[in-house]
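Written below as structure tokens is the structure these notes are about.
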Amino acid sequence: MLTAKDIADYFLSKCDEESGDTISNLKIQKLVYYAQGFYLAMKGKPLFKESIEAWIHGPVVPELYDEFKNYGSSSIPIPEDVDFDKYPKDVKEILNEVYDVYGQFSAWKLRELTHNESPWKNTPEGKGSVISHEKLKKYFSTQINDEENN
């Protein structure tokens, strides 16, 4: 199974720094959250094992936060050693779709989006307050159905 860090590295590798495309810790948290949510909805199982918690600024994977917290609100460097062979084709497709849809938004826009979504809204806020896979799967299943009906 992939880790949340693997998912973050995939998204970070898609950045084009020359065009001003960068990712902060706040933004990577939201992209990883969306990846987990859509993967659960589409595949019925988690993409990575780490839990997502409902923090004040939205969904956060604590291990990932700790990994990148030294960057503050600055850009996280693009990893140089990503092994793309470890990502199955279906995973790449979902990650690419998540990045295409949500990667265009700022960290603060993504924060606002997640604050209006039921998985975060219906989980008590604070460290240690896990957003369940069931909440993610239920919510993101409705988002997939909405997209298919439009």
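For the chain, what does the alpha-carbon gyration tensor say about shape, rounded, prolate or oblate, given a ≥ b ≥ c as the root eigenvalues, a/c under 1.5 as rounded, and a/b over b/c as prolate? Rounded.
So what is the calculated 222 nm ellipticity per residue for the chain, using -39500 (n - 2.57) for each DSSP H run with n of 4 or more, over all residues, to the nearest 500 deg cm²/dmol?
-16500 deg cm²/dmol
Between LYS109 and ASP85, how high is the FRET efficiency from 1/(1 + (r/R0)^6) when r is the Cβ-Cβ distance and R₀ = 30 Å? Nearest 0.05. The value I calculate is 0.35.
Close amide-amide hydrogen proximity is noted between ILE131 and ILE52, GLU53, ALA54, each under 5 Å apart and 5 or more residues distant or on a separate chain (H modeled in the peptide plane; Pro and chain starts excluded). Using the Cα gyration tensor of the range 62-150, with a ≥ b ≥ c the square roots of its eigenvalues, what is the shape: rounded (a/c below 1.5), prolate (a/b larger than b/c) or oblate (neither)? Oblate shape, in that a/c is at least 1.5 and b/c is the bigger or equal ratio. Once backbone amide H atoms are built at 1.01 Å from N, PHE48 has no partners under 5 Å, excluding neighbours fewer than 5 places away on the same chain. Overall, the chain carries a charge dipole of about 660 debye about its Cα centre when +1 sits on the Cβ of Lys and Arg and -1 on the Cβ of Asp and Glu, all other atoms neutral.
Among TYR102, TYR71, TYR33, the ranking by other beta carbons within 10 Å of each residue's beta carbon, starting with the fewest, stands as TYR71, TYR102, TYR33. What residue among GLY20, GLY128, GLY58 has the largest mean-square fluctuation in a Gaussian network model of the chain, using Cα springs under 10 Å? Among GLY20, GLY128, GLY58, the largest GNM mean-square fluctuation belongs to GLY20. Note on the chain: dipole from Cβ charges, positive end direction compared against VAL60, PRO88, THR3; the farthest Cα belongs to VAL60. Ordering LYS30, LYS14, LYS43 by the number of other Cβ atoms within 10 Å of each residue's own Cβ, fewest first, gives LYS43, LYS14, LYS30.
Where a number appears in this text, it was derived from the coordinates with a stated rule and is not lab data. The model shown is predicted, which means the values in this text are computed figures rather than measured ones. A quick note on method: Cβ atoms are made from the backbone with ideal geometry, for glycine too, and the neighbour counts reach across all protein chains shown.
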